[in-house]
Every structure is written in C-alpha cells, then in structure tokens.
1. Looking at Asp144, Asp162, Asp152, Asp195, which is the one that is in contact with a strand residue (DSSP E or B) (Cβ under 9 Å, 6 or more places away or on another chain), at negative phi and not basic (Lys, Arg)?
2. Tell me, which residue of segment 135-164 that is basic (Lys, Arg) and without any contact (Cβ under 8 Å) to a residue 60 or more places away in the chain is farthest from Thr85 (Cα to Cα)?
3. Which of (1) over 20 Å from Ala207 (Cβ atoms); (2) acidic (Asp, Glu); (3) under 16 Å from the mean Cα position of the chain (by Cα) does Asp144 not meet, given it meets every other one?
4. Determine which member of the set Arg180, Arg123, Arg102, Arg173 is out of contact with any strand residue (DSSP E or B) (no Cβ under 8 Å at 6 or more places or on another chain), closer than 25 Å to Lys68 by Cβ and not hydroxyl-bearing (Ser, Thr, Tyr).
5. Only residues that are within 18 Å of Val44 (Cα to Cα) and either of a type in the set (Lys, Arg) or loosely packed, with under 13 Cβ neighbours inside 10 Å (or both): list them for segment 78-111, please.
6. When you scan segment 175-201, how many residues do you find that are modelled with pLDDT of 90 or more, under 21 Å from Arg37 (Cα atoms) and not hydroxyl-bearing (Ser, Thr, Tyr)?
7. Within segment 94-115, can one find any residue that is within 22 Å of Leu194 (Cβ to Cβ) and touching a helix residue (DSSP H, G or I) at 6+ places or on another chain (Cβ under 8 Å)?
8. Pull out all pairs, ordered by first then second residue, where Cβ-Cβ is under 8 Å, the residues are six or more apart or on different chains, the first lies in segment 43-59 and is over 13 Å from Lys97 (Cβ atoms), and the second is among the small types (Gly, Ala, Ser) and in a helix (DSSP H, G or I).
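The values are calculated or read from the model by the stated rules, or taken from the named source; none is laboratory data. Given the structure is predicted, the values throughout are model-derived calculations rather than measurements. All Cβ positions, glycine included, derive from the backbone under ideal geometry; neighbour counts span all protein chains shown.
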Amino acid sequence: MLRVAIDGPGGTGKSTIAKAVAERFGIEYIDTGAMYRSIALKSVREGVSADDVAAVEEMLRSTDIDFKDGKVWLDGEDVGGLIRTNEISMAASNISKLPCVRANVDELSKRLASTKDVVMEGRDIGTAVIPDAEVKIFMTADPDVRAKRRYDQLIEQGKEADLEKIAKEIRERDYQDSHRELNPLKQADDAVFLDSTNMTIEENIDAVADIINNAM
C-alpha cells in the first residue's frame, strides 16, 4: 500500500503538487483542506458561527462531502470554484479548530486512506490522520512568495487582489494553524522537509516524486 502524506502551511501549492503527483503515480488524490473549506463554506452560507459549537455539530450531521471525477462535492454540489476565496480560507482556519470538525474530517480521511493508495495533503496528515503513512513530506515556502503566488493566481482569474492584505492573512493563518490546541501544524519527526520557495511547479512535482521513489 502507498499512502503519501503532504503537510504544510497554506499557499505552498500543496493541492496542485499533490494532485499532479497522484496522477503521475496513478493513485487517488485526497484534498483534506477542501473538506475543511467545504464545511466553512456551508457555515458561512447558513450563518453558523464557529463560536456556536452546538450549531456546528448540528450542521455536520447533515453535511456530505465526497471526491468524484477530480472534484469536491458538498451535499451534491461541485464547490471547487467556491472554496478558494480568502474569506473561506480564514473561515476554514477558524472552524477547523473545533474538535467536532476535525473529528469529522479525520474520520472521512482515515476511511479513504484505509481502502486505497492515496496522496493526501493538509495540515496534520502525517502527524494525526495517517501517522503510519509510507511517505511523509512537509512542504513550505516563504510567506511573501506564497502571497505573491496567490495574488498572481487571483489576478489571472480576473479578480481584484491586494498583495499586502493577502500577505497579512497568510501570516495570520500560519499563526492560527501552528498555535491551535488540537493537532497544530507541525512537521512530523519522520517527514522529509521540502522548501518550495525557489521551485517552479514542475520542479516541485519532480522533487516530491523523487522522495516517493526513494522511499519505495
């Protein structure tokens, strides 16, 4: 069985890299961040505050998240194009602190990883979700570089963007993710450290592929 856990802060390109690596090795790509973002999207839509734990727990009981055809589905709706905004990113960071939310996502993630070969990326995959993964990678990049990548992505999509604001939000989210009480963002002791600051997408994909091949 081959289970690849890729962890790291937001904006490092983990989703793009993990998806491409999964395609290269012919295995399933699981985006756990999309699960949290989907829950955050639903909470924003329904006006459910992360401070109201009972309301979040009630919302989760009627929430269905699945991955099919390379897309993430929330209650039967393809939400891939709706969960990548800065608003949803911050909402996801807030709501992911709740034990009930993490338990919900962890249960689904573990179930998926127990049935097939996967490349799974997130914040605590190698430390909490599949700590016995055959390959663990901790991917990071300079915060300013991550902000510029996100800014360029938004501009390319024809959306308005403020580079200074994006950089501020990335640093705030990094702090939140690494200081939360439950399963904070950190490198697993046996994970390979990968700094993607000066890498192109293709170089990053090749680097991760090399790590997997060496492990195998």
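1. Working: Asp144 fails: in contact with a strand residue (DSSP E or B) (Cβ under 9 Å, 6 or more places away or on another chain); Asp162 fails: in contact with a strand residue (DSSP E or B) (Cβ under 9 Å, 6 or more places away or on another chain); Asp152 fails: in contact with a strand residue (DSSP E or B) (Cβ under 9 Å, 6 or more places away or on another chain).
Result: Asp195 is the single residue among Asp144, Asp162, Asp152, Asp195 that is in contact with a strand residue (DSSP E or B) (Cβ under 9 Å, 6 or more places away or on another chain), at negative phi and not basic (Lys, Arg).
2. Within segment 135-164, the first condition is being basic (Lys, Arg), and the residues that meet it are 136, 146, 148-150, 159.
After this cut, where a residue has to be without any contact (Cβ under 8 Å) to a residue 60 or more places away in the chain as well, the list is 148, 159.
Values: Lys148: 15, Lys159: 10 Å.
Across segment 135-164, the extreme among qualifying residues is Lys148.
3. (3)
4. On the way: Arg180 fails: closer than 25 Å to Lys68 by Cβ; Arg123 fails: out of contact with any strand residue (DSSP E or B) (no Cβ under 8 Å at 6 or more places or on another chain); Arg173 fails: closer than 25 Å to Lys68 by Cβ.
Within the list Arg180, Arg123, Arg102, Arg173, the selection yields Arg102.
5. Asp78, Gly81, Arg84, Glu87, Lys97, Arg102
6. Adding up the residues that qualify gives 1.
7. Narrowing segment 94-115 to residues within 22 Å of Leu194 (Cβ to Cβ): 109, 113.
From the residues that got through so far, the ones that are touching a helix residue (DSSP H, G or I) at 6+ places or on another chain (Cβ under 8 Å) too are 109, 113.
Scanning segment 94-115, I find at least one residue that is within 22 Å of Leu194 (Cβ to Cβ) and touching a helix residue (DSSP H, G or I) at 6+ places or on another chain (Cβ under 8 Å), so the answer is yes.
8. Close Cβ pairs (under 8 Å, with a partner that is among the small types (Gly, Ala, Ser) and in a helix (DSSP H, G or I)) amount to Val44/Ala91; Val48/Ala55; Met59/Ser43.
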